[in-house]
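The block underneath contains the structure these notes are about, expressed in structure tokens.
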Amino acid sequence: MPLQFSPMKSGLMIDYDNIFERVKTCYDIRVRRYRTNMTGCAWRVQFSDGRFINWIECPRVKSPLSLAIFLHEVGHHVIGFDRYELSCEEELHAWRWAIQLMRQLGVEPDARTLRRYQQSMQYAVEKAVRRGLTILPQELYAFHQQAA
């Protein structure tokens, strides 16, 4: 079920608590713990009876960057953990989903958020290359730093 939000009105303070609760409820997400740094993690626990729990860890949502990290982790659940063969592709789509939803919510990603997206993707692509990835999907070329 896609999230239906009205964008925030310009000039008003962003209600991060409201966004956080609505996204968590809409996508049935549980927060295992709040991280004190700007990192996150997402995983799903599935039980033998078919039930599952969508877990994440993330920073408390108080800024555009912490919102982006929270939404990025939710994005892993939304797009699915098995949809992409490469983890760096999954990372790209989770970031794109998060930034798109931020904009739909009327929260424009700031320079710090966009820099984190770029750095995170560079790290994911370089890690895949170090681990032996030889054929890089076209959409990931922009994040690959060729040796000079």
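The values are calculated or read from the model by the stated rules, or taken from the named source; none is laboratory data. Computed from a prediction, not measured in an experiment: that's the story for all the values here. Counting neighbours? That spans all protein chains shown, and the Cβs are built from the backbone with ideal geometry, glycine included. We work out accessible area using only protein heavy atoms, side chains counted, and drop any ligands, DNA or RNA first. Shrake-Rupley method; radii C 1.70, N 1.55, O 1.52, S 1.80 Å.
Quick notes
- Selection count, region 32-52, where residues are assigned to a loop (DSSP other than H, G, I, E, B) and open to solvent by 90 Å² or more (accessible area, probe 1.4 Å): 4
To keep it simple, each residue is scored yes or no on (1) among the polar types (S, T, N, Q); (2) assigned to a strand (DSSP E or B); (3) more than 25 Å from PHE143 (Cα to Cα); (4) without any contact (Cβ under 8 Å) to a residue 60 or more places away in the chain.
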{"residue": "ARG30", "(1), (2), (3), (4)": "no, yes, yes, yes"}
{"residue": "ASN54", "(1), (2), (3), (4)": "yes, yes, yes, yes"}
{"residue": "LEU101", "(1), (2), (3), (4)": "no, no, no, no"}
{"residue": "GLU108", "(1), (2), (3), (4)": "no, no, no, yes"}
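- Unmet criterion (only one of (1) outside any loop (DSSP other than H, G, I, E, B); (2) surrounded by fewer than 16 Cβ atoms within 10 Å (Cβ to Cβ); (3) not basic (Lys, Arg)) for THR113: (2)
- Filter pass, GLU91 being modelled with pLDDT under 95 and closer than 29 Å to VAL45 by Cα: no
- Pairs, first open to solvent by less than 50 Å² (accessible area, probe 1.4 Å) and in a helix (DSSP H, G or I) in region 14-26, second modelled with pLDDT under 95 and among the aliphatic types (A, V, I, L, M), C-beta under 7 Å, six or more apart: ILE19/LEU105; VAL23/LEU3; CYS26/MET1; CYS26/LEU3
- Among residues of region 56-68, those that are open to solvent by less than 10 Å² (accessible area, probe 1.4 Å) and outside any strand (DSSP E or B), counted: 4
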